[in-house]
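J.: Have a look at this one.
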Amino acid sequence: MDASVARLTGLLRPGGKLVVTAWAQGAVEGFGRLLAEAVARVREAPAPPPSSKQAASRLDSEERLAAWLIARGLTEVKVTRAPLRLPLDAALAWQVALGSGFRGMLAGLEEPVVERVRTTLAQLLDERKMAELDATSLVGAGMRP
């Protein structure tokens, strides 16, 4: 993550702007625990934690994201919180599972096993009455000097 953003920053012209997003602290955590439980049930073993958890926690507040962008050499850094709560159903839950760092929990699983995780996740959403996803994000922007 650090190297990728350093590379992108290096591609900017002086005065060019880089914008990144990160999950706010607490956002998607309940969902992540539920997905981990679904994986654990299907595998009959503890699920691996999402690989992006440690990296994400480095950027999960306005202050940490701003400091991180400044450390990448950006100036005029501004971070804005974008609160967002979405109605959560099985289809959106699966999109989030596949389209985020949570996908790492499915790494190495055969397709039939992944399908069982999907159906188990849908069942857990229903059982736990989890009908909302906290997708609050932080939007950080900075300029290359």
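J.: Tell me, which residue of the range 109-145 that is among the acidic types (Asp, Glu) and within 18 Å of Ala93 (Cα to Cα) is surrounded by the fewest Cβ atoms within 10 Å (Cβ to Cβ)?
T.: Here the answer is Glu111.
J.: If Gly10 meets every condition in (1) under 14 Å from the mean Cα position of the chain (by Cα); (2) loosely packed, with under 15 Cβ neighbours inside 10 Å; (3) not aromatic (Phe, Trp, Tyr) apart from one, which number is that one?
T.: So Gly10 meets the others, but not (1).
J.: Something else about it: When the range 100-145 is examined, which residues are found to be of a type in the set (Gly, Ala, Ser) and more than 26 Å from Ser57 (Cα to Cα)? Give the derivation first.
T.: Residues of the range 100-145 of a type in the set (Gly, Ala, Ser): 100-101, 104, 107-108, 122, 131, 135, 137, 140-142.
Once the filter is applied, which keeps residues that are of a type in the set (Gly, Ala, Ser) and more than 26 Å from Ser57 (Cα to Cα), the range 100-145 yields only Ala122.
J.: Can we say Ala56 is closer than 29 Å to Thr9 by Cβ and in contact with a strand residue (DSSP E or B) (Cβ under 8 Å, 6 or more places away or on another chain)?
T.: Details: closer than 29 Å to Thr9 by Cβ: yes; in contact with a strand residue (DSSP E or B) (Cβ under 8 Å, 6 or more places away or on another chain): yes.
So Ala56 fits the description; yes.
J.: Among what's in the range 4-31 and is of a type in the set (D, E, K, R) and not in a loop (DSSP other than H, G, I, E, B), pick the residue that is nearest to Arg72 (Cα to Cα). So that I can check it myself, show each step before the final result.
T.: Within the range 4-31, the subset of a type in the set (D, E, K, R) is 7, 13, 17, 29.
Pick out the ones that are also not in a loop (DSSP other than H, G, I, E, B) and you get 7, 17, 29.
Details: Arg7: 10, Lys17: 13, Glu29: 27 Å.
Only one residue tops the list, namely Arg7.
J.: Then there's this: Show the residue pairs that are 6+ apart or on different chains and have beta-carbon atoms under 7 Å apart, the first residue being within the range 38-57 and closer than 23 Å to Gln25 by Cβ and modelled with pLDDT of 60 or more, the second being of a type in the set (Phe, Trp, Tyr) and surrounded by 15 or more Cβ atoms within 10 Å (Cβ to Cβ).
T.: Correct list of pairs: Ala56/Trp23.
J.: Can you list the strands (runs of 3 or more DSSP E) found entirely within the range 61-145 that contain at least 2 residues being at negative phi and either free of Cβ contacts under 8 Å to residues at least 12 places away in the same chain or of a type in the set (D, E, K, R) (or both)? Don't jump to the end; show me each part of the working.
T.: On the way: elements: 75-82, 85-87, 132-134, 137-143.
Once the strands (runs of 3 or more DSSP E) in the range 61-145 are filtered for at least 2 residues that are at negative phi and either free of Cβ contacts under 8 Å to residues at least 12 places away in the same chain or of a type in the set (D, E, K, R) (or both), what remains is 75-82, 132-134.
The values are calculated or read from the model by the stated rules, or taken from the named source; none is laboratory data. Keep in mind that what you see is a predicted model, and the values were worked out from it rather than measured. Quick reminder, even Gly has a Cβ in these numbers, built from the backbone with ideal geometry, and neighbours come from all protein chains shown.
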